[in-house]
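The structure under discussion appears below in the form of structure tokens.
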Amino acid sequence: MVGRIPVMDVMPVVDLGRQAAKATVGEPLPVSATVFREGHDKLGTEVVLVGPDGTRRPPVRMTPDAEVPDRYHAAVTPDAVGVWTFEVHAWSDPIATWQHDAGLKIPAGVDVELMFLEGRLLLERVLADLPSDDRPARAVVTGAVQAATDTERPVAARLAQLRSEELVAVLDANPLRELVSVEGPYPAFADRERALYGSWYEFFPRSEGATKDPETGIVMSGSFETAARRLDAVAAMGFDVIYLPPIHPIVEVNRKGPTNTLTPGPDDPCSPWAIGSIEGGHDAIHPDLGNFADFDAFVARAGELGLEVALDLALQAAPDHPWVTSHPEWFTTRADGTIAYAENPPKKYQDIYPVNFDNDPTGICREVLRVVRLWMSHGVRIFRVDNPHTKPLAFWEWLLKEIRRTDPDVLFLSEAFTRPAMMHALGSIGFHQSYTYFTWRTARWEIEEYLTELSSESDHLMRPNFFVNTPDILHGYLQYGGPAAFKIRAVIAATGSPSWGVYAGYELYEHVAVKPGSEEYLDSEKFQVRIRDWDAAQAEGRTLAPYLTRLNEIRRAHPSLKLLRNVTIHSADDENVLVFSKTAGDDTVIVVVNLDPHGTRETMVHLDLASLGLAGQDSFGVHDEITGADWTWSQHSYVRLDPHDEPAHVLTVRRTA
């Protein structure tokens, strides 16, 4: 039933409270609710956070929304991993009611002494509840009680003391609660920081350290040993996660050649997503890469460099995967008796059999859990899940809860470029992060809307990871925008989202598609080894690596860039100039980006100073974290951004004491 003081439309609540809202250790969790009552008496409301150990934290007072009537807000911050709950408490506030009424009646000469008497009685109740050792608060309230009874003093002076800022502060911290109503508890799961914040780098181990025989043209695959040598450069660029596509044995039946052709040569490596052969399946390692000892050494070296290893979890099988023989019921059989291969018309994937989760759900669940725990035992604590939207939600909910029950530090990234409802649902049932539509948001209005959506509308459901490119996605913006486009997208991704990602080759400006209108890379690394001369690119200065390094340095230095829910959109007169800011405490970063990779843009930027904590200031200092320049800015400032020089400002606000 509705409470005596109604509390409604509480957020964040997922699936009527059946699922936990997204939270992160150290990240403020915004809580809001609609609270109202009959008549004109005042009310108070607060959030009470309860930790995984059952400890109730001190209540946090909610404040009214500046624009929406009866809507209240507060932020609470979990400080440990685990299941938290929160409650919204609302109550009748006799002190606030008295202060409102006294402010009207006493100056008008209505019931003056009666109002002071009522005020004194309320203050005496507060005084009785105050801790005996809180001497400053007791002194303030005692003085107010004396003022209420001192008929020798002017009425206006007595009233002023009963409405002073000092007294109001004490009363706000020690309210009288009557007719208390409680809504909740509602769950929120607080994950470790990497669930929210991190810089990802993706490479194919078989390409790193690969060699080509100049006489025969035969390519010798890289291995975990050679790929480990590349980790130093990845760590030096400031990345936190090294993500590996599937490392398992690859199909021998229906193999795919370069650019997804059906005519592979005998030495073509084929797609690592076509998992399985007579050499093993998801619990095995491709022999070209090494063995489990080599993998363990790779993970250990990554850890020494401060990198976590993320492994691809692709629940599909090649025609010669061991599952096809041992468990044919795990796949869909067509009318002619053949097993259905994967299709995404007009694309056909004859080398991949999708798993049918309905024929033997218990068996499949047990096998996948075994596989995941196997890789966990070898140091993998992050999984990037391939196409989770093509598997049942109930399966993922079960699997993620099983892992979270014993290993809450293990994280799962959802690679689901699909309908919003499915993306949100995957997040709500347990996925820690999600790929997003960021790659396809290039116009200013699209980016502004998307940043707003992800930071304040769907933030309780899913956490974004802004990948600037993937082996599957080479957006036209990068194909035709030149080096400036690569800088622009990197700046927006690295500052707009606390998690972002880069697929190898981005720093070399790889931008050629297989054909016009396609987002597929020419000579796609999905189907062949790609040998890159990193050293030559560095020596010749044709690499974006120093720029990516600087962006990651900026991210690590600024707490505001490690959060999601703190984006404010500002404006510029030029529709090609994007302006947004992020603030955490005294740390404020303003990002100004020229979205036109071909032309210089000059415009006026207009800032919401209140959101920056600078209301009332005529000017303030800013420091450009990319160029090192310093300027004096105001609410309205001029910018000129040449994409061939530097297309963006990443500005730290200099706050004066």
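Some points to look at:
- Number of positions in region 294-339 that are touching a helix residue (DSSP H, G or I) at 6+ places or on another chain (Cβ under 9 Å), assigned to a strand (DSSP E or B) and surrounded by 21 or more Cβ atoms within 10 Å (Cβ to Cβ): 5
- Leading residue by the ranking (most open to solvent (accessible area, probe 1.4 Å)) among those in region 438-466 that are under 17 Å from Leu595 (Cα atoms) and in contact (Cβ under 8 Å) with a residue 60 or more places away in the chain: Trp445
- Between Ala75, Ala66, Ala23, Ala80, the distinction of being surrounded by fewer than 19 Cβ atoms within 10 Å (Cβ to Cβ), outside any loop (DSSP other than H, G, I, E, B) and not hydroxyl-bearing (Ser, Thr, Tyr) belongs to Ala75 only.
- Filtered residues of region 515-541 (kept if in contact with a helix residue (DSSP H, G or I) (Cβ under 6 Å, 6 or more places away or on another chain), part of a loop (DSSP other than H, G, I, E, B) and either hydrophobic (A, V, I, L, M, F, W, C) or open to solvent by 50 Å² or more (accessible area, probe 1.4 Å) (or both)): Phe527
- Considering Asn344, Asn291, the condition of being modelled with pLDDT under 95 and either open to solvent by 70 Å² or more (accessible area, probe 1.4 Å) or in contact with an Asp or Glu (Cβ under 8 Å, 6 or more places away or on another chain) (or both) is satisfied by Asn344 alone.
- Residue list for region 163-207, restricted to those being of a type in the set (Asp, Glu) and open to solvent by 10 Å² or more (accessible area, probe 1.4 Å): Glu165, Glu166, Asp172, Glu178, Glu183, Glu193
- When Thr583, Thr603, Thr588 are screened for being in a strand (DSSP E or B), in contact with a Gly (Cβ under 8 Å, 6 or more places away or on another chain) and without any contact (Cβ under 8 Å) to a residue 40 or more places away in the chain, only Thr583 passes.
- Check on Pro205, in a loop (DSSP other than H, G, I, E, B), within 30 Å of Phe86 (Cα to Cα) and not β-branched (Val, Ile, Thr): no
- Complete set of residues in region 564-580 that are open to solvent by 10 Å² or more (accessible area, probe 1.4 Å), touching a residue at least 40 places away in the same chain (Cβ under 8 Å), more than 17 Å from Ala485 (Cβ to Cβ) and in contact with a Lys or Arg (Cβ under 7 Å, 6 or more places away or on another chain): Asn566, Val567, Glu575
- Odd one out for Glu510 among (1) part of a loop (DSSP other than H, G, I, E, B); (2) closer than 24 Å to Ala545 by Cα; (3) open to solvent by 30 Å² or more (accessible area, probe 1.4 Å): (3)
- Residues of region 525-580 that turn out to be β-branched (Val, Ile, Thr) and within 18 Å of Val241 (Cα to Cα), as a count: 2
- Filter result (buried (at least 17 other Cβ atoms within 10 Å of the Cβ) and in a loop (DSSP other than H, G, I, E, B)) within region 643-657: Pro643, Pro647
- One residue from Arg301, Arg384, Arg370 being basic (Lys, Arg) and either touching a strand residue (DSSP E or B) at 6+ places or on another chain (Cβ under 6 Å) or over 29 Å from Glu193 (Cα atoms) (or both): Arg384
- Filter result (of a type in the set (D, E, K, R), farther than 30 Å from Gly481 by Cα and within 27 Å of the chain's Cα centre (by Cα)) within region 613-654: Arg654
- Checked across region 112-124, the condition of being β-branched (Val, Ile, Thr) and either surrounded by fewer than 17 Cβ atoms within 10 Å (Cβ to Cβ) or under 22 Å from Val60 (Cα atoms) (or both) holds for no residue.
- In region 41-63, the qualifying residues are those that are among the small types (Gly, Ala, Ser) and in contact with a strand residue (DSSP E or B) (Cβ under 8 Å, 6 or more places away or on another chain), and the one that is surrounded by the most Cβ atoms within 10 Å (Cβ to Cβ) is Gly44.
- Taken over region 405-464, the residue count meeting the criterion of being closer than 27 Å to Met376 by Cβ, of a type in the set (Gly, Ala, Ser) and in a loop (DSSP other than H, G, I, E, B) is 2.
- Meets criteria (within 30 Å of Ala227 (Cβ to Cβ), open to solvent by less than 10 Å² (accessible area, probe 1.4 Å) and of a type in the set (Ser, Thr, Tyr)) for Ser560: no
The values are calculated or read from the model by the stated rules, or taken from the named source; none is laboratory data. All values reported here derive from a predicted model rather than from experimental measurement. Glycine gets a Cβ as well: all are built from the backbone with ideal geometry, and neighbour counts include every protein chain shown. For accessibility, only protein heavy atoms count, side chains too; no ligands or nucleic acids. Shrake-Rupley method; radii C 1.70, N 1.55, O 1.52, S 1.80 Å.
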